[in-house]
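Report on the structure given below.
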């Protein structure tokens, strides 16, 4: 079965610090992976996606993610956190017809 | 360009009542979805549709029905609401150009069943 695991339901960083949100996947076919962000009381917005080709994917707001097949991982990073990055982040896997299997989410807290 | 619009945004129901959530998209997308979001569980797929007049079950379909009579609309019905259906419901839409295509989400409907 295809699945996504996000380690850490909450991650706390200081403003200016590195952000690292972890995502591991399980898939018997080549995966198509996404990171979405959800700000309070809003819908989900696409941050970035991995399809094929380049394994380092750049997204909006300075985020990037690296696809590592050997580790079945797709971790999200940002070199320097900003207060406006505080939100919940979801990793997701396309299971066909653009249906998504989501991880349980990681809430990013940014302190001054 | 409104994208994906959900109606209503908030609703409180009594156990046993029925209601319909409406999703409308103006992007001419073939595919539409209903997800529910619960704390600590991420989003889970309830039902989806790959075209007008077609629907299919997702991961958690029990207690819900859907209809796609028009391409731009996808309705989610609760036949007899239960407290376990208290959740935030998200509609999404997408198009069939390959598995790397992203889904576009509405703002959500917060439903409380008392």
Are there any pairs, at least 6 apart or on different chains, whose C-beta atoms fall under 9 Å, with the first in segment B:1-26 and under 13 Å from residue B:77 (Cβ atoms) and the second at pLDDT below 95, and if so, which? B:18/B:79
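Which count do you get for residues in segment B:86-114 that are touching a helix residue (DSSP H, G or I) at 6+ places or on another chain (Cβ under 8 Å) and surrounded by 17 or more Cβ atoms within 10 Å (Cβ to Cβ)?
Count: 2.
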Output the residues belonging to segment B:1-31 that are touching a strand residue (DSSP E or B) at 6+ places or on another chain (Cβ under 7 Å) and within 10 Å of chain A (Cβ to nearest Cβ). B:3, B:4, B:6, B:9, B:29, B:31
Positions within segment A:64-84 being over 10 Å from the mean Cα position of the chain (by Cα) and either surrounded by 20 or more Cβ atoms within 10 Å (Cβ to Cβ) or within 11 Å of chain B (Cβ to nearest Cβ) (or both), in sequence order: A:67, A:78, A:81
A careful count of residues in segment B:85-114 that are more than 17 Å from residue B:6 (Cβ to Cβ) and in contact (Cβ under 8 Å) with a residue 24 or more places away in the chain gives 4
With A:98, A:2, A:42 as the choices, which residue is at the interface with chain B (Cβ under 9 Å from one of its Cβ atoms) and either at negative phi or in contact with a helix residue (DSSP H, G or I) (Cβ under 7 Å, 6 or more places away or on another chain) (or both)? A:42
Which listed residue is touching a helix residue (DSSP H, G or I) at 6+ places or on another chain (Cβ under 8 Å) and either at pLDDT 95 or above or within 20 Å of residue B:42 (Cβ to Cβ) (or both), from A:66, A:15: A:15
When you scan segment B:64-85, do you find a residue that is closer than 22 Å to residue A:35 by Cα and either within 13 Å of chain A (Cβ to nearest Cβ) or surrounded by fewer than 17 Cβ atoms within 10 Å (Cβ to Cβ) (or both), even just one? no
Out of (1) within 14 Å of another protein chain (Cβ to nearest Cβ); (2) over 19 Å from residue B:105 (Cα atoms); (3) touching a strand residue (DSSP E or B) at 6+ places or on another chain (Cβ under 8 Å), the odd one out for residue B:40 is which? (3)
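The values are calculated or read from the model by the stated rules, or taken from the named source; none is laboratory data. Remember, predicted model here, so these are calculated numbers, not experimental data. Heads up, the Cβs are rebuilt from the backbone with ideal geometry, glycines too, and the neighbour counts pull from every protein chain shown.
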